[in-house]
Amino acid sequence: MPDVSPAAPRGHAPSRPRSCDVVVVGAGPSGASCAYWLAEAGLDVVVLEKKHFPREKTCGDGVTPRAVRQLEAMGLADEIASHHRFIGLRAIAFGRELDLEWPRHDDFPDAGYVITRAELDALVAGRAEKAGAELRQGTEAIAVVGERPGPARGVVVQDHDRDLIEEIHAKVVVVADGANSRIGRALGAARDRDVPLGMAIRSYHSSPRADEPFIESHLDIRDREGNAVPGYGWIFPLGDGRVNVGLGILASDDRLKGINTTKLLETFIDFAPSSWCLSAESALCAPTGGRLPMGFAVGPRVGPDYLLIGDAGGSINPFNGEGIAYGYETGRLAAEVITGALAAGDLGVLASYEERLEARYGRYYRVAAAFMALMMRPALLRRFISWGMHSKTFMASVLRIMSNMLREGTVAAPELAYRVAARLLDRGGTARLPANGSTLPR
């Protein structure tokens, strides 16, 4: 497949390219996590961030217990504890409210935090730098070094601050440049268009309820005409007088052009509980949005000398649109695989990344894909939610499944329901994560 990355702009190039063990393209959750764990293992790592920290990202800013666990493992427990702590989710639909505390789990904490991505990403990237990674801000990867098809061999970068074009040669390239991955596309990765795409939009508002102990999820959202929309709205308190207000929706490719997320957000704000005091006047910024590839619908994720992680590999949880935790997790997993491959002197070991993704997420994401199919049928979804909102026990079970906090070996209702669904799907013959995963022979 020909290289689809644009030609590099002209500029002065240093005489000697930088060489390293691993170059990580992108310093968001997945890239910074991967860089941290690689540096901790003693590898020579360069991590690239095309902007400068702090920088904004479209996100709900909710850091769930699953993500908190990864941040704590990176030694950031004290730093995140200074931010707004929340103890659970408030579900709202059809005139009913349920306060659901986070499910108890031996491996995860019992609370999360609301932290803006501007702060959070800078924190984790800085942690990777302290561990020994070379962090280059204002530096964008614009092409791969190698000829396509074939190994990446490194990346061509544009240093925007110095107006400089150079090459960084690496034994392994980690692609972590987000949902619209430029380098991923250059390496032949593409989204499976049979899988619905997530779309998100958010803005910040001032609110008198900014210190609420629950994040709020609205499960019955509609457009101006009253039509049900597949998705949910959120209001996440930041604890400093601000709330993050947004929408996450699902759409098939043929419906994307007909969706105006800005108008949907305006409608959601108009019909949000009046106690939040949300309006056009309370807005602190213009809304921003983006597309979210979910359920590992992007691939191949493995090549001869490269891996795709985080949003670049479509790792977002289809159940709830959570990407931060899975960015940290896939980044750490990739670092473990790369460390093993370089220690063995065998890049063929990189193929095990896809196998480990399958082992950790395969069944869960197939169940989540079935849930996406339900979401795309609003009438059926409304009946499910309307019935479920009459039982706090039932919705607590749903939260445990959707937050991926299931307990191994437990025979409680959430775990049993999940296992039944997984076994039914297994019998249907779906054996692997989508998008084939790897360009390497098995």
query: Which one is farthest from Arg117 (Cα to Cα) among residues in region 31-64 that are surrounded by fewer than 20 Cβ atoms within 10 Å (Cβ to Cβ) and touching a strand residue (DSSP E or B) at 6+ places or on another chain (Cβ under 6 Å)?
result: Asp44
- request: Consider Ala344 carefully, then state whether it is among the hydrophobic types (A, V, I, L, M, F, W, C) and closer than 22 Å to Cys20 by Cα.
  value: yes
- prompt: Taking Ala325 and the conditions (1) in contact with a Gly (Cβ under 8 Å, 6 or more places away or on another chain); (2) in contact (Cβ under 8 Å) with a residue 60 or more places away in the chain; (3) buried (at least 23 other Cβ atoms within 10 Å of the Cβ), which numbered condition does it fall short on, given that it satisfies the others?
  reply: (1)
- request: Just one of (1) at pLDDT 95 or above; (2) open to solvent by less than 30 Å² (accessible area, probe 1.4 Å); (3) of a type in the set (Val, Ile, Thr) trips up Thr288, so point out which.
  value: (2)
task: Say whether the condition of being open to solvent by 30 Å² or more (accessible area, probe 1.4 Å), in a loop (DSSP other than H, G, I, E, B), in contact with a helix residue (DSSP H, G or I) (Cβ under 8 Å, 6 or more places away or on another chain) and under 19 Å from Gly88 (Cα atoms) is met by at least one residue in region 240-248.
output: no
- request: Please tell me if Leu374 is more than 21 Å from Met402 (Cβ to Cβ) and not small (Gly, Ala, Ser).
  value: no
statement: Filtering region 133-179 down to residues that are within 26 Å of Val349 (Cα to Cα) and in contact with a His (Cβ under 7 Å, 6 or more places away or on another chain) yields Val145, Arg153, Gly154
task: Could you tell me whether any residue of region 250-272 is open to solvent by 50 Å² or more (accessible area, probe 1.4 Å), touching a helix residue (DSSP H, G or I) at 6+ places or on another chain (Cβ under 6 Å), in a loop (DSSP other than H, G, I, E, B) and farther than 26 Å from Thr330 by Cα?
output: no
- prompt: Of all residues in region 226-235, which are open to solvent by less than 20 Å² (accessible area, probe 1.4 Å) and either within 16 Å of Tyr113 (Cα to Cα) or in a strand (DSSP E or B) (or both)?
  reply: Gly231, Gly233, Trp234, Ile235
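The values are calculated or read from the model by the stated rules, or taken from the named source; none is laboratory data. In this text the structure is predicted, and so the values were computed from the model without any measurement. Cβ: placed from backbone, ideal geometry, glycine included. Neighbour counts: every protein chain shown. Keep in mind that these areas ignore ligands, DNA and RNA; they rest on the heavy atoms of the full protein, side chains included. Shrake-Rupley method; radii C 1.70, N 1.55, O 1.52, S 1.80 Å.
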